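Some notes on the structure that comes next.
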Amino acid sequence: MDQFKDREVVQAVLIADNNHFENFRPFADETSTALLPLVNVPVIDYALESLNRCGVEEVFVFSRLFINDLRQHIEKQIKSSCSWSLNMKVKIIGGEGCRCYGDALRDLDAKGLLRGHFILLQAETVTNANLIAILEEHKKNSKRDKGTAMTVVFKESAARLPTGNEVVIAMDLDNNRLHYHKRVDQYLKEKNFDIPMEIFINNSQISIHHNIVDPQIAICSPLALPLFSDNFDFGTRDDFIRGLLINEEILDSRIYVSFLSNNQYASTIGNWLTYQTISLDVINRWSYPLVPDMGICCLYQNYVFTRNNIYKSQKAKVSRKVTLKENVVIHEGSSVENGSEITNSVIGRNCKIGENCQLKNAFLMDGVTVGDNCRFEFCVVGADAVIESKCQLMEGFVVKPKEVVKTGSTLTGNEIYLDDEGLTVPVMKFLPNAFDDSDYNSSSDEEESIINGSPIPDDANIFLSEVIDSLNRGFQEKLKPDNLILEINSSRYAYNMSLKEVNFNVIKALFNLNVIQEADEKVLSAVNEVFNFFGIVVRNYIKTEESMEDCLAAIEECCLEHDILRSRVLKIIHYLYDKEYVTEEAILNWHNSMEKDSDIKNSLKQLVEWLNQSSEEESDDE
């Protein structure tokens, strides 16, 4: 039993108040920046979900501003049994006398809550990195060097506009020990950096990095907090790093570096420009599995994910004459009227958008009302704001929550200045494409591959194999359908499958069952037998128009792989239509999406003509 008592609990600290909260005015005047909605989820939930997925067991959220708002949010999430609350304890702590990052860590040291090495990150950080692996490497390094105070995590920079998170460092290639650290001025006033000559004299292999960003992630040793407590001039993490680098011999403490790999995402929201950048990164799935359709912090599906990164709630009402171009998220309860066009935008819960509106790089929080003929570009609209007809919001304008913008108004930019320097807060603007397809493992590419019939990724292959095994066993042993649904859902969460992938693979698995694959000329009888037995399972997943099209896409791929199915595709689809597994509209949409002269499309010609004729006859009868 002693071995269990000695086990170190994995702990983490989230610093909830952004160091540059003034960058987020007017939002930051109302509540904590940690509660800023990022693709319709409070940004702190991304950090908590990341820690939960890494296996962190206890988190302390430190706040000095709006602590009650944060406490209410955390209590609400725990009460609703959100995913991170099931395995992780989260506690809100704060101090009225804390004026800065350093004061927060000194207060934590005084409270004595941290019992060993711990993960330290900003609550506004979004990452899918395996922080536990970095923690374990940090512990090994601490055994070799008892003076290890901190391991700082960096990420190679994407070639975008400066955000304030860029740094220049010099490190020892032999052991990754940090020797020089300088944050790059966001306004690019500094063109040159002076690195002390003794760094090169005293170390045989020094590597200089100028193309990296700091996502505000670090692993701290037990001696890190006492160092903050003993040095009251350490106001920020940069002060801590600078102080240790200057006084390494006096303090007998050292800092090491860890780099995230290309397939790991990490970035911190520090202003509205980085808010725009990270929102689009999440929508484009660079942060997978922290993506909209995976249900961040919840155990249910908020959105249906379709081509061009369109995420739409089934409870949203979008007119057929609305154009959703790419990178669009529309939450439940929202409506968009005829003639509107949306791209690179996020629509919150219960928003109302009128006719003939144009939204491009627009971020609307919950409850926003937009009148007809409005044009939004690079703007943020606070919760419950009302934008009357014929308004234009451009060039980074931020509308306060509950504000009313009168008809015909044109608002551009934000007159927010920092200190007395006359430097405006960075606002949203056009962003160059930052990533090539090779930079990250994008799940959207995986789903595109599934739709187009090209090889699916390893996890999806494993998931499909497990579903086939479950269904084969269920058919042979006549297991209850409810138990099979539980098995499929368990595999889904184990391999981070989206609902779209589950729909597709469940149908594909059915047509790959032994009873169908071995049926030869009696394949139609086998299909009937399988769907009679697994009807409850199929209807559990295939119940919306989108899921029906997933079902038909899976059948199309199976027909391409098996000649016997391709030769019977007309009768198979007609059977599914008769049994009401798929609707006429789903079949017609699927048929229209196929390549012009494909064999399967031609095979279905007779059925499609019959469906169209039936529709015309019904119209005549009416």
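Under the condition of being touching a Phe, Trp or Tyr at 6+ places or on another chain (Cβ under 9 Å), of a type outside the set (A, V, I, L, M, F, W, C) and farther than 16 Å from HIS181 by Cβ, which residue from segment 226-266 is surrounded by the most Cβ atoms within 10 Å (Cβ to Cβ)?
TYR265
Within segment 92-110, can one find any residue that is acidic (Asp, Glu), more than 27 Å from PHE24 (Cα to Cα), in contact with a Ser or Thr (Cβ under 8 Å, 6 or more places away or on another chain) and touching a residue at least 24 places away in the same chain (Cβ under 8 Å)?
yes
Is there a residue in segment 317-331 that is part of a loop (DSSP other than H, G, I, E, B), modelled with pLDDT of 90 or more and either surrounded by fewer than 20 Cβ atoms within 10 Å (Cβ to Cβ) or of a type outside the set (Gly, Ala, Ser) (or both)?
Within segment 317-331, one or more residues are part of a loop (DSSP other than H, G, I, E, B), modelled with pLDDT of 90 or more and either surrounded by fewer than 20 Cβ atoms within 10 Å (Cβ to Cβ) or of a type outside the set (Gly, Ala, Ser) (or both).
Go through segment 20-126 and tell me which helices (runs of 4 or more DSSP H), entirely inside it, have 1 or more residues that are buried (at least 22 other Cβ atoms within 10 Å of the Cβ), modelled with pLDDT under 85 and not small (Gly, Ala, Ser).
Where helices (runs of 4 or more DSSP H) fall fully within segment 20-126 and carry at least 1 residues being buried (at least 22 other Cβ atoms within 10 Å of the Cβ), modelled with pLDDT under 85 and not small (Gly, Ala, Ser), they are 101-111.
Residues to consider are LYS543, LYS596; find the one that is within 21 Å of LEU484 (Cβ to Cβ), open to solvent by 20 Å² or more (accessible area, probe 1.4 Å) and not in a helix (DSSP H, G or I).
LYS543
List pairs: first residue in segment 137-158 and touching a residue at least 12 places away in the same chain (Cβ under 8 Å), second residue of a type in the set (Val, Ile, Thr) and in a helix (DSSP H, G or I) anywhere in the structure, Cβ distance under 8 angstrom, at least six positions apart or on different chains.
Within 8 Å, the pairs are MET150/ILE241; THR151/ILE134; VAL152/ILE241; VAL153/ILE134.
The values are calculated or read from the model by the stated rules, or taken from the named source; none is laboratory data. Please read all numbers here as calculations on a predicted model, not as lab measurements. When we count neighbours, we look across all protein chains shown, and the Cβ atoms used for this are built from the backbone with ideal geometry, even at glycine. Side chains included, ligands, DNA and RNA excluded: accessible areas come from the protein's heavy atoms. Shrake-Rupley method; radii C 1.70, N 1.55, O 1.52, S 1.80 Å.
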